[in-house]
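First up is the structure itself, then whatever we jot down about it.
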Amino acid sequence: MSKLITWVIVIVVLIIGGFAIFGGPSGEASTIKIGVIMPLTGDAVQYGEAANKAIQVAIDAVNKMGGIHGEDEGDVGREIELIIEDGKCDPQAAGTAAKKLVEFDKVRIIIGGACSGETLAAAKITEPAKVVLISPASSSPDVTDAGDFVFRTYPSDALSGRISASYAINELEAETAAIFTELTDYAQGLREVFKKSFEDLGGTIVADETYSTGDIDFKTQILKIKQTNPDVIYIAPQTSTPGIAIIKQLKENGVKSQFMTAEVLISDREFVKENADVLEGLIGVEPAVDWENNPKAKALLDAHNEKFGADPGPFAANAYDAALLVVEALETLVSPGSVEFSAEEVRDFLYNVKNWPGAVGPLTLDENGDPVLGENVRKIADGEVVDLGPYTP
């Protein structure tokens, strides 16, 4: 009798354990796991945290309603579980994070990275494993060819670089330009596009200087640039920390050229206010977000303020859109009460996104998984980012 009781106890424990671990008697998981790779430490943490918060806002709203198919009467919703890894804006760390998410956590979708180096490194893991990778912030042109399962909701530097070069030539009437860029995938992508576009439009590149990540003294490069007296200086740092140091040292050395950049130095409005004197007059390019009149942008703004007590940071709208696209794919592909779907189905869904109403505006993903989006030219004046309007190269 004692043996019988013991076996009954064992069976009950196993059954309860099965429910606890797998969510039901069939062993089916109770949540849909989505991986996230963002720089949560290091110089790019402000971008990773901003994107990560926006993703959380989007997923929290879905889970609050019961998850995927949570509102369907008579059906069992499936909540989304985010498994967040620190990519550190470092290719090696991002590759390790992707390997863990793919091989250990068995995710089929990853949102990330933010830095282009993160995304390109992660793609080397996700692409052969046929795992969907969708980045909300990586803009290197190399991401275009990173794989059939790789997507992004932030435009390529190919557009940003062309806009900057065209604006310099046609609006600022610049004839000469110097380029000062960091030795990273993101910054070098911008460098190559700006240089080619500027020269194709008849301009002359009089200096082309680079620096390594972690450098703090730019005296040698600045002296070379100053000697050429360029009309504009195109500055492309990976993060805001070296960017602000470069502009400060350029001004301290009496350089009077028009400074231009991409989005890193203008996207964080609080950063702009804190460094208003140094950044005064800087011209940059970034996607335009209509926070008041776009329903999804307004929803993000309100929910973000409620949850975190602050406005969304840089790349938040793009991250929000990436998360909502994943949610919409799951709502379409996953049967009610199930967690089953294939990455191939998600891939095909994303390739068919056309004029989708996103927080950043109407979004189309092209045959390379790149977004078709407009960008605006901005200028910093008195600590504010002033919109100079949309510009087409």
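Just one of the numbered conditions (1) buried (at least 23 other Cβ atoms within 10 Å of the Cβ); (2) modelled with pLDDT of 95 or more is not true of Asn253: (1).
Exactly one of these conditions fails for Leu324: (1) modelled with pLDDT under 95; (2) within 28 Å of Thr144 (Cβ to Cβ). Give me its number. Unmet for Leu324, out of (1) modelled with pLDDT under 95; (2) within 28 Å of Thr144 (Cβ to Cβ): (1).
Taking the criterion of being more than 16 Å from Lys256 (Cβ to Cβ) and surrounded by 22 or more Cβ atoms within 10 Å (Cβ to Cβ), the residues of the stretch 170-183 that qualify are Ile179, Thr181, Glu182.
Scanning the stretch 275-306 for residues that are more than 20 Å from Gly358 (Cβ to Cβ) and touching an Asp or Glu at 6+ places or on another chain (Cβ under 9 Å) turns up Ala276, Glu280, Gly284.
Checked against the criterion of being over 24 Å from Pro314 (Cα atoms) and buried (at least 22 other Cβ atoms within 10 Å of the Cβ), the candidates Ile68, Ile55 yield just one match: Ile68. A single member of Val285, Val278 is β-branched (Val, Ile, Thr), buried (at least 24 other Cβ atoms within 10 Å of the Cβ) and within 26 Å of Gly42 (Cα to Cα), and it is Val285.
Figure legend. Inter-residue proximity from the stretch 33-56: first residues over 17 Å from Ala93 (Cα atoms), second residues outside any helix (DSSP H, G or I) and of a type in the set (Ser, Thr, Tyr), beta-carbon distance below 9 Å, spacing 6+ or different chains. Indicated pairs: Gln46/Thr239; Ala50/Ser267. Which residue pairs have Cβ atoms closer than 6 Å, lie 6 or more positions apart in sequence or on different chains, and pair a first residue in the stretch 87-112 that is within 23 Å of Ala58 (Cβ to Cβ) and modelled with pLDDT of 95 or more with a second residue that is polar (S, T, N, Q) and in a helix (DSSP H, G or I)? Filtered contacts from the stretch 87-112: Ala98/Thr126. The residue of the stretch 115-158 that is modelled with the lowest pLDDT, among those that are among the small types (Gly, Ala, Ser) and over 18 Å from Val285 (Cβ atoms), is Gly117. One residue alone among Arg191, Arg162, Arg152 is surrounded by 18 or more Cβ atoms within 10 Å (Cβ to Cβ), touching a residue at least 12 places away in the same chain (Cβ under 8 Å) and out of contact with any helix residue (DSSP H, G or I) (no Cβ under 7 Å at 6 or more places or on another chain), and that residue is Arg191.
State whether one or more residues within the stretch 332-347 are closer than 21 Å to Arg152 by Cβ, of a type outside the set (Gly, Ala, Ser) and surrounded by fewer than 13 Cβ atoms within 10 Å (Cβ to Cβ). Within the stretch 332-347, one or more residues are closer than 21 Å to Arg152 by Cβ, of a type outside the set (Gly, Ala, Ser) and surrounded by fewer than 13 Cβ atoms within 10 Å (Cβ to Cβ). If you go through the stretch 306-362 and pick out every residue that is of a type in the set (Asp, Glu) and at positive phi, you end up with 0.
Here Ala121 does not fit the description of being small (Gly, Ala, Ser) and within 12 Å of the chain's Cα centre (by Cα).
Among residues of the stretch 94-107 being out of contact with any Asp or Glu (no Cβ under 7 Å at 6 or more places or on another chain) and buried (at least 18 other Cβ atoms within 10 Å of the Cβ), the one that is nearest to Val327 (Cα to Cα) is Val107.
Comparison of Ile216, Ile246, Ile222, Ile233 shows that the only residue that is touching a helix residue (DSSP H, G or I) at 6+ places or on another chain (Cβ under 7 Å) and assigned to a helix (DSSP H, G or I) is Ile222. If the condition is being assigned to a helix (DSSP H, G or I) and touching a strand residue (DSSP E or B) at 6+ places or on another chain (Cβ under 9 Å), then the stretch 193-213 contributes Phe194, Lys195, Phe198, Glu199. Quick one: in the stretch 353-372, which of the residues that are surrounded by fewer than 21 Cβ atoms within 10 Å (Cβ to Cβ) and charged (D, E, K, R) is nearest to Ala317 (Cα to Cα)? Applying the filter and picking the extreme gives Lys354. Candidates Ala317, Ala276, Ala381: the one that is at pLDDT 95 or above and either assigned by TED's automatic domain parsing to the domain that holds Glu71 or not small (Gly, Ala, Ser) (or both) is Ala317.
The values are calculated or read from the model by the stated rules, or taken from the named source; none is laboratory data. Everything numeric in this text was worked out from a predicted model, so none of it was measured. Quick reminder, even Gly has a Cβ in these numbers, built from the backbone with ideal geometry, and neighbours come from all protein chains shown.
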